[in-house]
Structure formats: C-alpha cells, structure tokens
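For reference, the structure discussed in these notes is given below.
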Amino acid sequence: MIHFVLLIVCAVAIYLSCEWFVNAVEWLGERLRVGRMAVGTILAAFGTALPESVVTLVAVTTGATDEAKDIGVGAAMGGPLALATVAYGVTGTMLLLKRRRERREALAAVGAAPSAPVGEALGDARDMKRLAKDQKWFLPIFTVKVALGLVAFAFKPALGVLFFAAYAVYFWREIRSSRAADDPDDEERLEPLKLQPRAASPATWAVVVQTLVTLGVIFFAADLFVKQLDVIGPTLGLSTTVTALLLSPIATELPEIMNAVIWVRQGKTRLALANISGSMMIQATVPSGIGLIFTRWHFDGALLWSGIITMAAIIYLLLTMRARRLTPARLAVAGLFYVVFAAGLVPLLG
C-alpha cells in the first residue's frame, strides 16, 4: 500500500515542480535572449532529459555485468519510444479536450464563436514546417542508432562520439535559428515568476534558483517514481522485463509529459510540442552515445521492436505534418502506437 501512496505523491510532486519549472525556464530563455521555440527544444528539453542521461551513464558505467549495463541500452531506447507515442498522444488528447471545452463555452455565450474548431490543424504551413523540422532531424539519427544495434564491429564504440556531435550541431542550429523563426507579433507575456510573484521583472538569481531547485525535485521524484513501479509491477503480476520496457519509460518521461500538459493548459501549444521534440533529439543522441561507448549496444527482439514502433510513429507524424493535416485528434492517435508496441511485446517475451 505504501508504494501506491508514494507513487501518487511522486506524481503530484512532479506535476507541481513542472509548474514551477516551466515558469522559470521561460524567464531563463528571456534572460539568455534565446527564441521562444528554443525555450522548449533546448532549455526545457535539456533540463528534463539531463537526469535521464545521467541515469543511463550510471547504469552503463557501474554495471557489473553486460546484462546490467544493457539496462542503460533499454533506457536509451525506451525514452524516444515513450516520447514519440505516449507524450504526443497525451498532448493531442489534452488539445482535443481543450478545444471541445472552448467550443462548448463559446456556444453557450450569446454571439460568440469558438476560437479554433476541434478538427482544425495545429497551425499553417509555416507552423507545420517548424513542427516537422525536429522530426526530420530525429528520424535519420534514430535509424542509424537502431541499425548499429543489429551489427557488431571493432570500432563501433568510437561512433558514440558522432552522436554527441550530432546533438552539438542541432543545438547550435536551433539556438541560431530560433529567434529568427519566432514571430515578433507572437510574443507571449510571461507570467510572474512564482518565486517573486510581485516583481514585473524578477531577479536573475531568483530565475536560476527556481530553475535548479525544481529540476532537483523533478529528478528525485521521478527516480522515486520509477523505483515504486519496480516494486508494484511484480505485485500486479508483471515480470521485471515488462515493467522495465512498458512502465519505466513512461515514468522516466513523465516530466516532459507534465511540461506539455501544463503548456497546453496555458495555451502555449508550440512550446509543448517543442519540448517533446527537443527531448527526443537529446534522447536519440546523448544516451545513445553513452551506450555505444560503454556497452555492446546489441539489440534483442524487444529492443528492435521498440525501435520499429518509434520510427513508425514518427513517420506517421511526418506524413500528417507534410500534408498539413496534423489535428489534435491525429496527434492523439500517436498514443495508439504504444498500445501496438505493448501487444507485440507479449509474444516476444513469451
């Protein structure tokens, strides 16, 4: 019973911490003079994905056996899978519910019209191009990452450096282009910093402190959340493998999912989607580079299946973006790919 209670407490702690984190990171972006999109793709993504990369590093460097080190490989594959399916699916569902609620409220008001029809695409051609950009970066890198898990050769560990380099290039291009890509007329007024709610322009030290403290709480709460799942899984009759491949990835990506939910609730859809896509770029490069250097980076059937489903989900999203038909409902469909993954995992583990 205590584990279920701790699970709920951790989830609440993560959500509340993310509320303070997204508030602080927007001010941090303003202080660093980066574009609005880079707040999501770089600052927020780096903050929430960094703890997971540290966990992967610890797993692959301290594991006593190859099997123990392979836990880090599973984490490196499970993160992108959860983001490409569950995170986008939850975001689409939240957007769908938000539009339906706004439509009901608008229809209830005399002479009012809904701000956005339920089936309207998430932006124009320019917005679709922005949304597709990170997916176009992610897909080839992730494809190489999966392909390397199927072959063995002497210098494979050295290729890990290339994944770090790929993220460095992405980071540089994103910072350089984000301000140019932002619309001056689309600037959103920042909410007061929660640490200094009465200050029109909070002190830089307060922004930094709120960012670092909330990141620390998110890291420890997410770690405790995963540990509770490891105990609860077998209690529910789930094997350790199923828990590691199905539940743990969702738990480790919970901060990104919470960030997206909060930004959708605040009407900042672009930031919500940018946070997910930026986190996916980190997950496709940094943990992969670490895994290639310190492990065999050899995939079994379950890991290969997770890679296939991740790529299928991204291809689906890219096709809808290129057709300019990405609606909240179609974004929510991405979550079904995780259901397909779970269904295909049963015979693989059986």
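Nothing in this text is a laboratory measurement; each read-out follows from the coordinates by a stated rule. What you see is a predicted model; the values in this text were computed from it and never measured. Note: ideal-geometry Cβ built from the backbone for every residue, glycine included; neighbour counts use all protein chains shown.
Against the chain, whose longest principal axis is taken from its Cα atoms, helix 336-349 shows a tilt of about 10°.
Specify the angular offset, from 0 to 90 degrees and rounded to the nearest 10, of the alpha carbon long axis of helix 254-265 from the longest principal axis of the alpha carbons in the chain. With rounding to tens, the tilt is 20 degrees.
Report note on the peptides 17-30, 91-104: ranked by the mean count of other C-beta atoms within 10 Å, highest first, their order is 17-30, 91-104. FRET efficiency for the pair residue 342 and residue 175, taken as 1/(1 + (r/R0)^6) with r the Cβ-Cβ distance and R0 = 25 Å, rounds to 0.10.
Computing FRET efficiency as 1/(1 + (r/R0)^6) for residue 298 and residue 165, where r is the C-beta to C-beta distance and R0 is 25 Å, gives about 0.65.
Strictly over 29 Å apart at the Cα level, which of 129/156; 129/268; 69/227 would you flag in this model? Listed pairs above 29 Å: 129/156.
Applying 1/(1 + (r/R0)^6) with R0 = 22 Å to the Cβ-Cβ distance of residue 213 and residue 12 gives a FRET efficiency near 0.85. Packing, taken as the mean count of other beta carbons within 10 Å per residue, orders the peptides 323-333, 39-49 from highest to lowest as 39-49, 323-333. Each residue, residue 31 and residue 100, gets one label point 7 Å from its Cα in the Cβ direction; the gap between the two is 4.1 nm. Between residue 107 and residue 223, residue separation times 0.36 nm minus the direct Cα-Cα distance comes to 37.3 nm. Considering helices alone, the calculated mean residue ellipticity of the chain at 222 nm is -24500 deg cm²/dmol, with DSSP H runs of length four and up weighted by -39500 (n - 2.57) and normalised per residue.
Residue separation of residue 151 and residue 62 scaled by 0.36 nm, minus their Cα-Cα distance, works out to 29.6 nm of gained length.
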